[in-house]
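Take a look at the structure below.
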Amino acid sequence: MALELGLSARQTLVVGTGDTAEALRSGSVPVLGTPRLIALCEEASCLAIDPHLSDGTTTVAKRLQFDHLVPVGVGGTVVAEATLDRIEGRRLIFTLSVSESGTLVAAGKLVRVTVDKEQFLSNVR
């Protein structure tokens, strides 16, 4: 399999108390925390491309531009979508969007880089 433009995936989350800014220590309000939104978008990006990577290869996040636009409370359901828009050598650029019932909650761009797993792990400090 090979990477191709337009690959996309969605990941759904029903917001629980552990997903809140309070629980994640990224704020003091009981709403969906930005770090959890980012993780959800990264999950979607990996789902989109992982089946298309060569054995021994993975991707790591390199850059993120992200706008968290609307608060979502506990019990809300959000859907994150990541779409592969550009391939620049080892760099994979995704468009991200998160919505709840048709309302845009967050949006951004994510750059992931393909790496050889073994070589990457040999550089961990």
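FYI, it's all coordinate maths here, none of it is from the lab. Computed from a predicted structure; not experimentally measured. Note that each Cβ is placed from the backbone with ideal geometry, even for glycine, and that neighbours are counted across all protein chains shown.
So in segment 104-119, with the set limited to residues that are over 16 Å from Leu37 (Cα atoms) and of a type outside the set (A, V, I, L, M, F, W, C), which one is surrounded by the most Cβ atoms within 10 Å (Cβ to Cβ)?
Per the stated criteria, the residue is Arg112.
Anything in segment 55-103 that is closer than 28 Å to Gly16 by Cα, hydrophobic (A, V, I, L, M, F, W, C) and surrounded by 17 or more Cβ atoms within 10 Å (Cβ to Cβ)? List them, or say none.
Val72, Val78, Ala80, Ala82, Phe94, Leu96, Val98 - these are the residues of segment 55-103 that are closer than 28 Å to Gly16 by Cα, hydrophobic (A, V, I, L, M, F, W, C) and surrounded by 17 or more Cβ atoms within 10 Å (Cβ to Cβ).
What's the total number of residues in segment 47-81 that are assigned to a strand (DSSP E or B) and either under 21 Å from Phe120 (Cβ atoms) or of a type in the set (Ser, Thr, Tyr) (or both)?
Looking only at that region, the number is 9.
How many of the residues in segment 20-43 are surrounded by 18 or more Cβ atoms within 10 Å (Cβ to Cβ) and either within 15 Å of Gly108 (Cα to Cα) or free of Cβ contacts under 8 Å to residues at least 40 places away in the same chain (or both)?
So in segment 20-43, the residues surrounded by 18 or more Cβ atoms within 10 Å (Cβ to Cβ) come out as 20-21, 31-33, 36-38, 40-42.
Imposing the further condition that a residue be either within 15 Å of Gly108 (Cα to Cα) or free of Cβ contacts under 8 Å to residues at least 40 places away in the same chain (or both) reduces the set to 21, 33, 36-38, 40-42.
So the count comes out to 8.
Report every pair of residues separated by at least 6 positions or lying on different chains whose Cβ atoms are under 7 Å apart, first residue within segment 5-16 and more than 23 Å from Gly33 (Cα to Cα), second in a strand (DSSP E or B) and of a type in the set (Asp, Glu).
Pairs that qualify, where the first residue is more than 23 Å from Gly33 (Cα to Cα) and the partner is in a strand (DSSP E or B) and of a type in the set (Asp, Glu), are Leu5/Asp85; Ser8/Glu81.
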